[in-house]
Amino acid sequence: MARPKGQSTIKNRIVKSMKEMGTYSKHYDDIIEIYSGLLYDYQNAREEFLANGSQFTEEHETGRGTIVERKTPLVQSMENLRKDIVTYSDRLGLNPKAVGIEPPKPKDAGGLEGMIANLL
């Protein structure tokens, strides 16, 4: 199995992609740091998942003594990481969905605000 990439390698790849797409700004560095951390954590969780036999569910005894099947904590963590990764990739414009979205246009100011804006 390939060795997982480090967080700094992932961050550099993200910055390079954003620069190529013309969407990079240093103002995004904090968000990029979080996003690269999420990708790194997901990569490590996936490696652990594969190393432990790819077990999706486990038996769990409820407070009433009933045995139920539930997702393993690792699978739950991976699902949460995936959701967060999608959210951050949207914000950074790094997926096909986000590329097609135009930023919202400011509303025309009306009333007193519009008159003041026109005077300036």
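By the count of neighbouring beta-carbon atoms within 10 Å, fewest first, 27, 60 end up ordered 27, 60.
Evaluating 6.51 cos²θ - 1.76 cosθ + 1.60 at θ = phi - 60° for every residue in the stretch 32-39, the Karplus couplings come out as 4, 4, 5, 4, 5, x, 4, 4 Hz, glycine and proline recorded as x. Among the trypsin sites (Lys or Arg not before Pro) in the stretch 10-99, those located in a DSSP loop and surrounded by at most 11 other Cβ atoms within 10 Å of their own Cβ are 64.
Any read-out appearing in this document is the output of simple, stated calculations on the displayed coordinates, not a laboratory observation. Because the structure is a prediction, the values reported are computed rather than measured. Don't worry about glycine lacking a Cβ; one is built from the backbone with ideal geometry, like all the others, and counts go over all protein chains shown.
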